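Reading through the structure tokens given below for one structure.
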Amino acid sequence: MHSPFVFEFITRVLNDKTDYDEYEKVEGIRTALLTNDRKIPILDLGAGSTLFKGAERKVSQIANRSLKSPKYAKLLFRIAKYYFGKGGPEMLELGTSLGITSSYLALANASGILTTIEGSPEIAEIAHENFSALGVTNIRPVVGNFDTKLPEVLRLSNALDFVFVDGNHREWPTMDYFSQLLEKKSDSSIFIFDDIHWSTGMENAWHQIKSHPAVTLSIDLFFIGLIFFNPDFKVKQDFSLRF
């Protein structure tokens, strides 16, 4: 491993075995969601709608299919906490779902603000219930289509420190979001893209994103991809790590 930054990421973040108190709180919410048989109407604006048939789904079905696994949700918490936990970062999430990753990110940075966009009003309402149950108050929820809401959010944003893109999962929309988000990056920003190997289109998007001239470092963890813009990385580097 030739990159000191990546070595530090592996040892201090990726392999951090600390059992943070926040884990138990959020995973308790996940457990409740996985056994919730309440049915809600669904508006699906992205790829993946073929996973379910019909206009209604059980909350437990959504939780089982859509939530980031505990392993990766906890990693997102550690990334946000390690790199931005001592400041008041401005964070953005595309794809609130039921609010598990949103809660982790907000709890990692109590002095920061997380704006999270969800296309389905019914799912967003359940996420809001979960935020209230956890006592999380630094989340700004936005409901609507990414195509219309993202430009509105970005107009009101300063530089974005942390971005998690977990929605739509198609090549061209993902590239469009990336292009818009670039206007709000800083040298210390971290952008994370979900399901980068979910389809050929997403693999194409990931290749284009990590190849962008503004990106100085990319880390492929298979299910998620991280990109960095730090100009101190004099040589562009791409890593694939086992996690």
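Here, each number is a calculation from the coordinates, and none is a lab measurement. The structure presented is a predicted model; accordingly, all values stated were derived computationally and were not measured. With ideal geometry, Cβ positions are generated from the backbone for all residues, glycine too; neighbour counts draw on all protein chains shown.
Assorted remarks:
- Considering (1) within 17 Å of Arg30 (Cα to Cα); (2) of a type in the set (Gly, Ala, Ser); (3) out of contact with any helix residue (DSSP H, G or I) (no Cβ under 7 Å at 6 or more places or on another chain), the lone condition that Ser103 does not fulfil carries the number (3).
- Restricting attention to segment 92-136, the residues being of a type in the set (Ser, Thr, Tyr) and in contact (Cβ under 8 Å) with a residue 40 or more places away in the chain number 7.
- In summary, Asp166 fulfils each of the numbered conditions (1) within 15 Å of the chain's Cα centre (by Cα); (2) over 27 Å from Arg78 (Cβ atoms) with the single exception of condition (2).
- For segment 188-243, taking the residues that are of a type in the set (Asp, Glu) and over 19 Å from the mean Cα position of the chain (by Cα), the one that is nearest to Pro173 (Cα to Cα) is identified as Asp238.
- Residues in segment 1-41 that are hydrophobic (A, V, I, L, M, F, W, C) and over 21 Å from the mean Cα position of the chain (by Cα): Met1, Phe5, Phe7, Ala32, Ile40.
- Looking only at segment 126-142, and only at residues there that are crowded, with 16+ Cβ neighbours inside 10 Å and among the polar types (S, T, N, Q), the one that is nearest to Phe229 (Cα to Cα): Asn138
- Test: Ile123 is in a helix (DSSP H, G or I) and either closer than 21 Å to Ser188 by Cα or touching a strand residue (DSSP E or B) at 6+ places or on another chain (Cβ under 9 Å) (or both): yes
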